[in-house]
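Participant: First, the structure itself, so that you have it in front of you.
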Amino acid sequence: MEKMVNQDSLKKYYSGKKVFITGHTGFKGSWLSLWLKILGAQIKGFALAPEYSGGLYEQANPFSPVLDVIADIRNKEKLTSEILSFQPDFIFHLAAQPLVRRSYRMPAETFDVNVTGTANLLEAVNALQNKCTVIIITTDKVYLNKEQDILYTEEDALGGYDPYSASKACTELTVSAFRNSFFNTNDYPHHQKAIATARAGNVIGGGDFSEDRLVPDIIRAIVAKRDVELRSPASVRPWQHVLEPLGGYLLLGGLLHDDIQYSGAYNFGPEKEDHLTVQQLVEEAITILGMGQWKNTGDINQPHEAGILKLSIEKAKRTLGWQPKLNARKAIGLTMNWYKNAKNQVADFSTKQIIDYMQK
């Protein structure tokens, strides 16, 4: 099957359509919002205010003030009201507490946001009268991690050592329960609601200034002329540029809107040779930037994080015709290029990166 993440195919799905995005102020949500604007969609966002300054949401905000809702997905009445008044054709649910280390500090809140927030969204979808396709973004960390050199498939057992990972596994179960109970695929002609979940690997790209994430840590350290501190340099992750999974989400949403057979769960990650250690990614970034160095600050008493995690992307390749366009080196290069060159032209620079990606 040919690659379909290009401008013409995606415009066919989204041009003139109403798309509701939760988490639109975050790193992935702001890139997705900008991409959908390029495709000609009418977009409405629902999220907390951004946690950091200088990001893509602030610099390239594609929303009209009326359709830029700053609110908490735990506010069920507000969320329901905003969805029902908009009557979206598509919903992309990215709002979440997305950080492992923060989940140790705020475990109950992590479950509340990630699980109850998703249930609030799906209950609102159940009240919609129009046809709607919903893509719920979870994570590669939903799997019961055996800390072995294996590629997890969508059929593998769910788990979660830490509160964040467990909350996202619970999110998957929540989606499954709503699909079975209210949006059963056998009854699709009646309810017209199609639901899928997307499990992406570790995402890098320009405009991310979050705490406890590797690329922002690299940039902050180099700007401050200090060593990049690595807690776990030998940890292996499925790194990918942000446009890779977003292209997968958009493709999945478009296909699912036309055909309920695409309902289900999908992994989006790199090819198996592009699963890198933290040290390999940092050294490649330092080489591209031409400056910086790193040091190991690991502590045996630090909170547990997975040592090795790899994804199989065979289902997305086989079923959707999706595949990565960027190897690890190109993904890191595109990311570092943004931080070096976007500066005062963030909207134009980011738009060009999206259009260039679609043309690959």
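Participant: Applying the selection to region 103-142, what residues are more than 16 Å from G23 (Cα to Cα) and in contact with a Gly (Cβ under 6 Å, 6 or more places away or on another chain)?
Facilitator: T133, D140
Participant: Identify, please: which residue in region 210-228 is over 14 Å from T335 (Cβ atoms) and in contact with a strand residue (DSSP E or B) (Cβ under 6 Å, 6 or more places away or on another chain) and is, among those, surrounded by the most Cβ atoms within 10 Å (Cβ to Cβ)?
Facilitator: So, considering only residues that are over 14 Å from T335 (Cβ atoms) and in contact with a strand residue (DSSP E or B) (Cβ under 6 Å, 6 or more places away or on another chain), the one surrounded by the most Cβ atoms within 10 Å (Cβ to Cβ) is V228.
Participant: In a loop (DSSP other than H, G, I, E, B), over 14 Å from the mean Cα position of the chain (by Cα) and on the phi < 0 side of the Ramachandran plot: does that describe R226?
Facilitator: yes
Participant: Follow-up. Can you name every residue in region 11-52 that is outside any strand (DSSP E or B), small (G, A, S) and within 17 Å of the chain's Cα centre (by Cα)?
Facilitator: Of everything in region 11-52, those that are outside any strand (DSSP E or B), small (G, A, S) and within 17 Å of the chain's Cα centre (by Cα) turn out to be G23, G26, G29, S30, S33.
Participant: I've got another one for you. Of the numbered conditions (1) surrounded by fewer than 22 Cβ atoms within 10 Å (Cβ to Cβ); (2) in contact with an Asp or Glu (Cβ under 7 Å, 6 or more places away or on another chain); (3) closer than 20 Å to T197 by Cβ; (4) not aliphatic (A, V, I, L, M), P50 fails exactly one; give the number of that condition.
Facilitator: Only one criterion in (1) surrounded by fewer than 22 Cβ atoms within 10 Å (Cβ to Cβ); (2) in contact with an Asp or Glu (Cβ under 7 Å, 6 or more places away or on another chain); (3) closer than 20 Å to T197 by Cβ; (4) not aliphatic (A, V, I, L, M) is unmet by P50, namely (3).
Participant: Given the options G298, G290, name the one that is free of Cβ contacts under 8 Å to residues at least 40 places away in the same chain and more than 30 Å from F178 (Cβ to Cβ).
Facilitator: None of the other options fit; the residue is G290.
Participant: Tell me which residues, restricted to region 155-181, are hydrophobic (A, V, I, L, M, F, W, C), without any contact (Cβ under 8 Å) to a residue 24 or more places away in the chain and under 16 Å from I195 (Cα atoms).
Facilitator: Result: L173, A177.
Participant: Just checking, does region 44-56 include any residue being touching a helix residue (DSSP H, G or I) at 6+ places or on another chain (Cβ under 7 Å) and closer than 21 Å to L251 by Cα?
Facilitator: For region 44-56, residues touching a helix residue (DSSP H, G or I) at 6+ places or on another chain (Cβ under 7 Å) and closer than 21 Å to L251 by Cα: present.
Values in this text are rule-based calculations from the coordinates and carry no lab data. Since the structure is predicted, the reported quantities are computational estimates derived from the model, not experimental observations. Positions of Cβ are backbone-derived with ideal geometry, glycine not excepted, and every protein chain shown enters the neighbour counts.
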